[in-house]
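Undergrad: Quick one: the structure is below, questions incoming.
Nothing in this text is a laboratory measurement; each read-out follows from the coordinates by a stated rule. Since this is a predicted model, take the numbers as computed values, not measurements. Glycine also receives a Cβ, built like all others from the backbone with ideal geometry; neighbour counts cover every protein chain displayed.
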Amino acid sequence: MVNKLFKESNLYIIFGITLFAVMGVASITPTFPQVIRHYNLTAKQIGYLITVFTFPGIFTTLFLGILADRFGRKAILIPSMLLFGIAGFLCVFQISYEGLLIMRFFQGIGAGSLGALNVTLIGDLWEGNKRTLAMGYNASVLSIGTASFPAIGGLLAASDWRYAFGLPILILPLSAIVFFRLKTPPVKKDIALKEYITKVWNTIKQKKALGLFAVNILVFIILYGAFLSFFPLLMEERFQANSKVIGIALSIASVTTAVFSILLGKVRKHFKPHTLMYFSSLVYMASLTVLAFAGNWFLLIIAILLFGTAHGFFIPNIQTVLVGFAPLSERAAFMALNGMVLRIGQTLGPVLAALFYINKSLRPVFLLNAVIALMIVVILKTVVGKLE
């Protein structure tokens, strides 16, 4: 089954989309200390580079998902890729911090559908264990991206931090490949809009689906708040780490995530999805608690490995569960709603973390996020329940 899966060209195109979906944040986080110094910013202000990128997706992703169900995946995917690449590249030429934020905003509009439609395509093209395998491998590719891009961004930033912001231009050749080579299932255009909206709503309002959406918000608050926004600052403050070392540390977490994402297909044969989510949430909590107090490299590395383990089991697991909730005719809208939910978490994460950056102490930031991880366990237990 695995060999047959890897012979399908669609899989590699989806992998490419996935890599760019994560590039928008992963490649620039090692530059944050330099950006702070260049524009004379505060630690709280630096999080806006993530917030303005994720914010537009809250409002545009669901709309784009509906259009993808009505007019086809490519009709939305290709323009989104072009906007992501061009606006991202224009960040390189911005003189003012305000101009940089504006370009990040437009780049975020383009990015809104990438992380939703890549998972939607996996749901469209494969079923059963093949879908689980594809989702696990896609998550591992995402993790390879989050491992590689911080290292690449850190290396580029060693010459000039702006270079890390120019990487998205590489999506333009991929958009041409999507146009000519990506094979997508035909959409049902004969469904009345009112009937379509009703079907989507009936899928969304399920108790388990709402619970999983809430869980996803909290996971991405943790990822984008504590880990991506404030972890680089923790490394610089406590360990005097430069951009290269920060990139390597983030890469270690992502490589760990990739390893455990690949193992998910085998692990899910022995454990139910909800059991793996409980486990992952507790490991998140342990990692964040260790980071709050880590004062040496040994504890720091332990925390990074724990975070990568939790993320590797959690993300492809919940994506596989969610993509099975909706049939093909409503799947893009449903997964786009999930994408919107993720954007809410991505946007709130840096803001909430900054509120707990009290007296320039990072400890409350990571302890807050450890509590959020515990909240995930509570929601899984009381709202979501058992999953198959």
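Undergrad: Full-extension gain between A192 and E98, please, as 0.36 nm times their residue separation minus the C-alpha to C-alpha distance.
TA: Here the answer is 29.5 nm.
Undergrad: Ranking request for peptides 211-217, 226-232, 136-142: highest mean number of other beta-carbon atoms within 10 Å first, then the rest in descending order.
TA: Peptide ranking by packing, descending: 226-232, 136-142, 211-217.
Undergrad: Can you check what the net charge comes to around A332, using other residues whose Cβ is under 11 Å from the Cβ of A332 (Lys, Arg +1; Asp, Glu -1)?
TA: Taking every other residue near A332 into account, the sum is 0.
Undergrad: What does the helix-only formula give at 222 nm for the chain: each DSSP H stretch with n ≥ 4 adding -39500 (n - 2.57), the total divided by the residues, and the result rounded to the nearest 500 deg cm²/dmol?
TA: Per the formula, -26000 deg cm²/dmol.
Undergrad: Taking only Cα atoms, what is the 0 to 90° angle, nearest 10, from helix 9-26's long axis to the longest principal axis of the chain?
TA: Rounded to the nearest ten degrees, it is 30.
Undergrad: In addition: For segment 218-298, what size does the Cα cloud have along each of its three principal axes, sorted from largest down, in whole Å?
TA: Projected onto the principal axes, the Cα atoms of segment 218-298 cover 44, 23, 21 Å.
Undergrad: Under a Cβ-only charge scheme (Lys and Arg +1, Asp and Glu -1), can you give me the dipole magnitude of segment 194-298 about the Cα centre, in debye to the nearest 20?
TA: For this selection, approximately 700 debye.
Undergrad: Before anything else, pin down the relative contact order of the chain: Cα pairs under 8 Å, at least 6 apart, normalised by residue count, whole percent.
TA: Working: 671 pairs, mean separation 111.7, N = 388.
Computed value for the chain: 29 percent relative contact order.
Undergrad: Turning to a different aspect of this structure: Helix 193-204: angle to the longest alpha-carbon principal axis of the chain, degrees 0 to 90, nearest 10?
TA: Approximately 60 degrees, to the nearest 10.
Undergrad: Let me ask something else about it. Can you list the lysines whose alpha carbon is less than 16 Å from that of K360, not counting same-chain residues fewer than 8 positions off?
TA: K44
Undergrad: Over 30 Å between C-alpha atoms is what I'm after, so list which of K244/K381; K183/K386; K205/K272; K74/K386; K130/K386 land there. List each step's numbers first, then the result.
TA: Numbers: K244/K381 40 Å; K183/K386 35 Å; K205/K272 23 Å; K74/K386 35 Å; K130/K386 22 Å.
Checking Cα-Cα distances, K244/K381; K183/K386; K74/K386 exceed 30 Å.
Undergrad: If you don't mind, there's one more thing I want to ask. If you take the alpha carbon radius of gyration of segment 217-366 and divide it by 2.2 N^0.38 Å, what ratio comes out, to two decimals?
TA: Rg over 2.2 N^0.38 Å, computed on Cα atoms: 1.11.
Undergrad: Between L263 and E127, what is 0.36 nm times their sequence separation minus the Cα-Cα distance? Round to one decimal in nm.
TA: 47.1 nm
Undergrad: Each residue of segment 249-257 in order: what ³J(HN,Hα) in whole Hz does its phi give by Karplus 6.51 cos²θ - 1.76 cosθ + 1.60, θ = phi - 60°, with x for Gly and Pro?
TA: Running phi through 6.51 cos²θ - 1.76 cosθ + 1.60 with θ = phi - 60° gives 4, 5, 5, 4, 4, 6, 5, 4, 4 Hz.
Undergrad: If you average the C-alpha positions of segment 184-243 and of segment 119-148 separately, how far apart do those two centres end up, in angstrom?
TA: 16 Å
Undergrad: Same structure again: For K199, which aspartates and glutamates qualify as cross-link partners when the Cα separation must be under 18 Å and same-chain residues fewer than eight apart are set aside?
TA: D69, D124, D190, E330
Undergrad: Right, next: What dipole magnitude, in Debye to the nearest 20, does segment 78-176 give about its Cα centre under +1 on Lys/Arg Cβ and -1 on Asp/Glu Cβ?
TA: Magnitude of the dipole: close to 80 debye.
Undergrad: If you don't mind, there's one more thing I want to ask. Amide H neighbours of A241 under 5 Å, at least 5 residues apart or on other chains, H built in the peptide plane: list them.
TA: Residues meeting the criterion, in which the H sits 1.01 Å from N, are E236.
Undergrad: For segment 254-388, calculate the relative contact order in percent as a whole number, restricting contacts to Cα pairs under 8 Å that are 6 or more residues apart. Don't jump to the answer; show the numbers that get you there.
TA: Numbers: 128 pairs, mean separation 52.5, N = 135.
Relative contact order for segment 254-388 comes out at 39 percent.
Undergrad: Given Cβ point charges of +1 (Lys, Arg) and -1 (Asp, Glu) and nothing else, what value in debye, to the nearest 20, does the dipole of the chain about its Cα centre take?
TA: 800 debye
Undergrad: Report the percentage of all Cα-Cα pairs in the chain whose separation exceeds 37 Å, rounded to a whole percent.
TA: When every Cα pair of the chain is considered, 15 percent fall beyond 37 Å.
Undergrad: I'd like the distance separating the alpha-carbon centroids of segment 1-50 and segment 311-388, in whole Å.
TA: If you average the Cα positions of each part, the centres end up 18 Å apart.
Undergrad: Oh, and also: How large is ³J(HN,Hα), in whole Hz, for each residue of segment 211-219 in order, when computed from phi with the Karplus curve 6.51 cos²θ - 1.76 cosθ + 1.60 and θ = phi - 60°, using x for Gly and Pro?
TA: x, 5, 4, 4, 4, 5, 4, 5, 4
Undergrad: Quick check: pseudo-label points 7 Å beyond the Cα along Cα→Cβ at K386 and F180, how many nm apart are they?
TA: 5.2 nm
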